[in-house]
Amino acid sequence: MIDAADYFELMREAMMRARQRVFMIGWDFDTRILIGGGRRWWNLPRQRISPARLGPFIVWLANRRRHLDIRVLKWNFGAFKALFRGVMILDLLRWWRHPRIVFKLDSAHPLGCSHHQKIVVIDDRFAVCGGIDMAGDRWDTRQHLDDDPRRRRPGSKTRYGPWHDCTMLLEGEAARVLGDLGRERWEQAGGRPFEACRPQQASPWPARIEAEFRDVEIGIARTRSQFRNEAEVREIEALFEDHIARARHFIYFENQYFSSRRVAEAIARRMAEPDPPEILLINPQSSDGWLEQAAMDGARIRLVRSIAQVDHRRRFTVWHPLTAGGQPIYVHSKLTIVDDEILRIGSANLNNRSMGLDSECDVFIDCARAGNENCGDAIRRLRVSLLAEHCGMPDEQVATLLERHGSMAAMIAAAPQAGRRLVPFVPHALTEAEQALADNEVLDPERPEDMLSFYRKGLFRSRFLRKPAK
């Protein structure tokens, strides 16, 4: 599912098909977002119309499906946002008081870490795992129009900018395993154990969606920091290193950040080879929020410059997507394609936090696995489609240019620059504050115990609170 224009309505349809359980696991939920339906469709029978907002819809669903178990697991710190979101606090109170809605805040992580997964599991038969939160500022079409009046914050006339994202829909055994992971996390967060759903033939899979892959093996990778009796898990970091080392021809990345030292070192090792693969990274122009801009963007500049020192063939490039009018498109997706043989989508960013601090979950398809041999064509179509979206071109034209020029970077350079387009990342000179934040990995440490190391080192006292000379 590329971009969220249809995502929320599809989730409403899937939840309407639920027979046993709706289990939402996430970094953030905004009960004010519109997910389709609503009584504005006055020409339809009133009893069949679901509320348009997520908050009332969940209550409506629980009232009409008396045997349906609805559970929501949300990062505890993110819950403070509800205090500043108008009617959301009332929606959450209604959820909390409802006998068939169990709402749980997740604080099962060290100080400074977060529960960052974006998963929905329905009946242990259907699941979603990726980068799209059921939150505000996420909705957008693949056209990323400059002034789309539909991109409005919930309950407000304020518009937000273009947003690019993706997630993966799954059915069958993979959904059951994600349900197992969700129940495990629920117990870690202090919730009472509950049973898996009974096996059922009916699937909540939305009727209007045709699967791009069938009868394939799905891999699942996780990150979890050590907390109490739960051991640390760094599967995502290990898998990134493995995928980067395995690439023969190219890697296509879309990611919100680029600040992971381990990932950058893995890329640098490949760039130092006599004939390295092409590695193309699509990033937002800048991070969201002034502190993240200073910390994450500064780290990105440092890593890109370090890789450039060994990139003798200039095979590593970073690009930003712009709208037709030149407005930056914010890239929130976490997607990797390797040689059109591996497709990976999840919640993990290319930063240190996602490798060892926050709870993350990625899913992937690997053509090297038995039974997955025929997935390559669909993966290639997806990569071409994404490049076509970013370059404002038809898929067929992108495929032709890729064949003609032999690399993604050369294809982008040859693409028209009049509409949507990709522009190269140009590092700027770091300020003293940006250097300090990047050097000390503020906001993005490699381990939980390093979260406050910048304070212990005297960073703020020595660099930001320096007394004037007498």
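The values are calculated or read from the model by the stated rules, or taken from the named source; none is laboratory data. These figures come from a predicted structure and were not determined experimentally. Counting neighbours? That spans all protein chains shown, and the Cβs are built from the backbone with ideal geometry, glycine included.
Please list, ordered by first then second residue, the pairs with beta carbon atoms under 7 Å, 6 or more apart or interchain, first in the range 115-135 and of a type in the set (Phe, Trp, Tyr), second part of a strand (DSSP E or B).
Phe126/Glu171
Okay, residues lined up against (1) farther than 30 Å from Gln327 by Cβ; (2) at pLDDT below 70; (3) of a type in the set (D, E, K, R); (4) touching a strand residue (DSSP E or B) at 6+ places or on another chain (Cβ under 7 Å):
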| site | (1), (2), (3), (4) |
| --- | --- |
| Cys391 | no, no, no, yes |
| Leu402 | no, no, no, no |
| Val426 | no, no, no, no |
| Val442 | no, yes, no, no |
| Met451 | yes, yes, no, no |
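Of the residues Cys113, Cys129, only one is under 25 Å from Asn255 (Cα atoms), surrounded by 17 or more Cβ atoms within 10 Å (Cβ to Cβ), at pLDDT below 90 and in the same structural domain as Lys157 (by TED's automatic domain parsing); which?
That would be Cys113, the only listed residue that is under 25 Å from Asn255 (Cα atoms), surrounded by 17 or more Cβ atoms within 10 Å (Cβ to Cβ), at pLDDT below 90 and in the same structural domain as Lys157 (by TED's automatic domain parsing).
Okay, residues lined up against (1) crowded, with 20+ Cβ neighbours inside 10 Å; (2) of a type outside the set (Val, Ile, Thr); (3) over 30 Å from Asp148 (Cα atoms):
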{"position": "Arg302", "(1), (2), (3)": "no, yes, yes"}
{"position": "Ala308", "(1), (2), (3)": "no, yes, yes"}
{"position": "Ile345", "(1), (2), (3)": "yes, no, no"}
{"position": "Asn349", "(1), (2), (3)": "yes, yes, no"}
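Is at least one residue of the range 166-188 part of a strand (DSSP E or B) and of a type in the set (Ser, Thr, Tyr)?
Checked against the condition, which is being part of a strand (DSSP E or B) and of a type in the set (Ser, Thr, Tyr), the range 166-188 yields at least one hit.
Just to check your reading of the model, which residue among Leu430, Leu443 is buried (at least 16 other Cβ atoms within 10 Å of the Cβ), touching a Leu at 6+ places or on another chain (Cβ under 7 Å) and not assigned by TED's automatic domain parsing to the domain that holds Arg305?
Answer to the check: Leu443.
For the range 217-238, does any single residue satisfy the condition of being of a type in the set (Lys, Arg), outside any loop (DSSP other than H, G, I, E, B) and buried (at least 20 other Cβ atoms within 10 Å of the Cβ)?
Yes, the conditions are met somewhere in the range 217-238.
Please count how many residues of the range 321-352 are within 15 Å of His164 (Cα to Cα), of a type in the set (Val, Ile, Thr) and in contact with a Pro (Cβ under 9 Å, 6 or more places away or on another chain).
Qualifying residue count, the range 321-352: 3.
Going by what's in this entry, would Ala196 be described as within 21 Å of the chain's Cα centre (by Cα) and not assigned by TED's automatic domain parsing to the domain that holds Asp69?
no
For the range 399-416, name all the residues that are surrounded by fewer than 13 Cβ atoms within 10 Å (Cβ to Cβ) and not in a helix (DSSP H, G or I).
Gly406, Pro416, listed by residue number.
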